[in-house]
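Some notes on the structure that comes next.
Read-outs: derived from the displayed coordinates by stated rules, not from any lab. Predicted model, so just to flag it, every value in this text is computed and none were measured. Note that each Cβ is placed from the backbone with ideal geometry, even for glycine, and that neighbours are counted across all protein chains shown.
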Amino acid sequence: MNMNDISFQHWRTEVDGEGLAWVTLDKAGESTNSLSSAVMNELAAILDQFDCCPPKGLIFRSGKPAGFIAGADIQEFTRLDTPEQAVDLVSRGWQLFNRLAGVAYPTLALVRGHCLGGGLELALACRYLLAVDEPSTRMGLPEVMLGIVPGWGGMLRLPQRIGAQAALDMMLTGKTIDAKKARRLGLADDCVPPRVMDRAAALLVLANQPRRRLPLLQRLLNGPLKGIVARGATKQVARRARREHYPAPYAIIDIWAHHHGNALAAPGLIDSIVRSPTARNLLRVFFLQERLKGFGKAGSFQARHVHVVGAGVMGGDIAAWCALRGLTVTLQDQGMERIAPALQRAYASWSQRIRDKRELRKVMDRLIPDPQGHGARQADVVIEAIFENLEAKHALLRKLETMIKPDAVLATNTSSLRIEDLQAVLARPGRLIGIHFFNPVAKMPLVEVVAADGADPEMLQRGTAFVKQIDRLPLPVKSAPGFLVNAVLGPYMLEAMRAVDEGIAPETIDEAMLAFGMPMGPIELIDMVGLDVAMAAGKSLAGSAAEPPKCLLERFTAGHLGKKSGRGFYDYPGGRPTKAPAGTVPAGLAARLVKPLLDRSEQLVADGIVADADLADAGVIFGTGFAPFTGGPINYLRSLHA
């Protein structure tokens, strides 16, 4: 039978003159490859044909420019209604990839672009993996971030390929690695440039050499000494996530340690994970994230040059992030002595992330000190990030308007002032928009794109596209005090400080919210934001309260401004808070503390500050870290009333 004459909907197959079968996944009607049931059924049929007429070798590749395979079809997870369906979904991939791993002829996955989840599990079932060395190539098993486990062989084969400790680190964090690191770890057999990838793949398969074995110690840690690794991994997970909130990482350790990576050996565990409220809500968060990404896709605007005015912590970090993402950035302040700390902070941060000294130099060369502000004239995006003073911002914005290009985006990073008040001094007030980042800029994925009444739609679209361009999640919001994120955090932090005034220890308050599922307690959050910032927010933070909380006022007056001064509600020797034991958390404390945040989230949707409840949930999750396993504050409220 000639495989070149057989057609499938999602796969293309051809056998070349050397007897190598090239099998290309090009999922019909989609820009990205994913492993739906239809795709998997066709792959099974392809293997059936090769059983009848085995090729000299088989090479999998992608027909999509977007990457290799993004993973399983996430939509199919949302349609699992019974335990049997959950087990069937896991069984489908486990059985098929075991079959692929067992074929007599050599197999290879040619990985170019993203190779995630089920896509990497398919690649692991091949004898060889060849990684293409370009920036878009990333490999990982991020299922844990969706509240599920890599049940199609990842928990078995990744530890066999790279060792238990490195594999668990990838599976328990969901982090991805690039082509060079994949080769270094042994996940990839080689790493080659795109121009030679096809010939290199053919040569590797035709050579049919045995794969490199793991060193003896790694084999022991993946075998008789599993218990040691499992206990260490469990302790590490427990520092980040509680079992009752995020069961998936604990299940990964259990299935690897006790069931040889076979989730089907624990069918009850499959259902408790795949159809759990956590998985359902984390899938919801995934789709919310995709919706935010979609806001930046329309139009063709691409910024090349960004000008930032204000080299403080926020302005300097915004500038550094834009330079890291490939843009030319000019950073303006009143003198080099004010700009230099921002450059030093950027270098210290990026040198930890970028090991290649030449690449680090390129990034730093794109971050240009500009005390005179000449760069504003050429910039595509101009961001005002000076201190929160209306008169000072008015003077700056008036000057910038006369200098910048007519089609440049003019934005403010204000966190507490109304856009309407800022734009009043401009000849074209509608061109000013808010592009509001959160601290720390390099870690917080959300950016609010703020529209005042009469905002220029083209400027809003360009601003949103710019946020997406620098790999951040744009959230459209209307101008109002605190916009969305700060508006919900204010009442929450205020309630926490009221509890301190009542005599409840800060440690107890923080423990209550950590147990609820927050990544950080509200008191530690206030220390991180800065007590001076909390004071400056004034009525925006305090709501109807005429006076700030006593505990805040006392510390602020004493000069204890939080982490940045080394002391706030906690002391910070070495940059980490010193906390006393939390003690017993009073019943109902968490519900009391979170209620103002929940109420304000609902009110902001009702007031139209954010378009709908889903976007409010997305903004509060990605802007504050609000417990993702709940699906967001409004989704959490619905679950309480269900």
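Across the chain, counting alpha-carbon atoms alone, Rg and Dmax equal 26.8, 85 Å. The per residue volume of the convex hull around the alpha-carbon atoms of segment 3-275 is 125 Å³.
Estimated from helical segments only, the mean residue ellipticity of the chain at 222 nm is -14500 deg cm²/dmol, where each DSSP H run of four or more residues counts as -39500 (n - 2.57). Between A38 and S351, the simple label model (points 7 Å from Cα in the Cβ direction) yields a spacing of 5.4 nm.
Can you figure out the FRET efficiency of A591 with E18, using R₀ = 56 Å and their beta-carbon distance, to the nearest 0.05?
Efficiency, from the Cβ-Cβ distance: 0.25.
Distance from the Cα centre of segment 167-194 to that of segment 429-488, in angstrom? If we compute the Cα centre of each part, the gap is 35 Å. Our estimate of slack between K56 and F287, defined as 0.36 nm per intervening residue step minus the Cα-Cα distance, is 79.0 nm. Each label was represented as a point 7 Å from its Cα along the Cα-to-Cβ direction; for V196 and R428 these points are 5.2 nm apart. In sequence order, segment 167-184 has phi-based couplings of 5, 5, 4, 5, 6, 7, 9, x, 6, 10, 10, 8, 5, 5, 5, 4, 5, 4 Hz under the Karplus curve 6.51 cos²θ - 1.76 cosθ + 1.60, θ = phi - 60°, and Gly or Pro positions carry x. Beyond 24 Å in Cα-Cα separation lie the following of the pairs K175/K468; K181/K443; K235/K293: K235/K293. For the chain, leaving out every one of the GluC sites (Glu not before Pro) that falls in a DSSP loop and has at most 12 other Cβ atoms within 10 Å, the longest unbroken run is 245-501. Charge tally around E507: other residues with Cβ under 11 Å, Lys/Arg +1 each, Asp/Glu -1 each, net -2. With the Kirkwood sum run over all distinct C-alpha pairs, segment 305-481 has a hydrodynamic radius of 16.0 Å. Summing charges over all other residues whose Cβ lies under 14 Å from the Cβ of K226, with Lys and Arg as +1 and Asp and Glu as -1, gives +1.
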